[in-house]
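Nothing in this text is a laboratory measurement; each read-out follows from the coordinates by a stated rule. Predicted model only: the values in this text are computed from it and were never measured. We place every Cβ from the backbone using ideal geometry, glycine too, and count neighbours over all the protein chains shown.
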Amino acid sequence: MTDDLPAAPHSIGDFIRGYEEEQTLKGFRCTNCGTISATWGLLCPNCGHAERVEVKLSGRGTVAAYTILSVPGDDFLNDAPYAYIVVDLEEGGRITGWMPSVKQEGDVEVGDRVHYVPGYKPGVQFVRDADVPAGR
């Protein structure tokens, strides 16, 4: 007996294209328990249910954890040091990303409000809400 894998609302490629080309973050909402997941997957991380629907995410949230990277991968050599962060999104779910404006400890703190901004580099880029002038 073989178990059929559930179909995903979008592929990993679609997920990446969403933030790199379409400048939008996509996630999933479980039709069983309502859990929002900001990362690609086939099953709900909360209840294991296979039926999930695609949702557009606001990209707003708070910093849950971070580290300062001084020795980055090739795509980010000219940006080091920078912060690699974990963000708790407003609508639920967590997502990882980077903050090129953060160069040292103290430039960002756990609990800081941040939001997604489209960037020219791969990955999900965030800025602190406090760093954006009013009206923008």
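Counting only other residues whose beta carbon sits under 15 Å from that of Ala64, what net charge do I get with K and R as +1, D and E as -1? Don't skip to the end; give the middle numbers.
Numbers: positive: Arg60, Arg94, Arg113, Arg128; negative: Asp88, Glu90, Glu91, Glu109, Asp112.
Local net charge: -1.
The H on the amide N of Val55, modeled in the peptide plane, is under 5 Å from the matching H of Gly27, Phe28, Arg29, each at least 5 residues off or on a different chain.
For Val124, nonlocal amide neighbours, meaning residues 5 or more places apart or on other chains whose placed amide H falls under 5 Å from its own, are Trp98.
Once backbone amide H atoms are built at 1.01 Å from N, Thr24 has Tyr19 as its partners under 5 Å, excluding neighbours fewer than 5 places away on the same chain.
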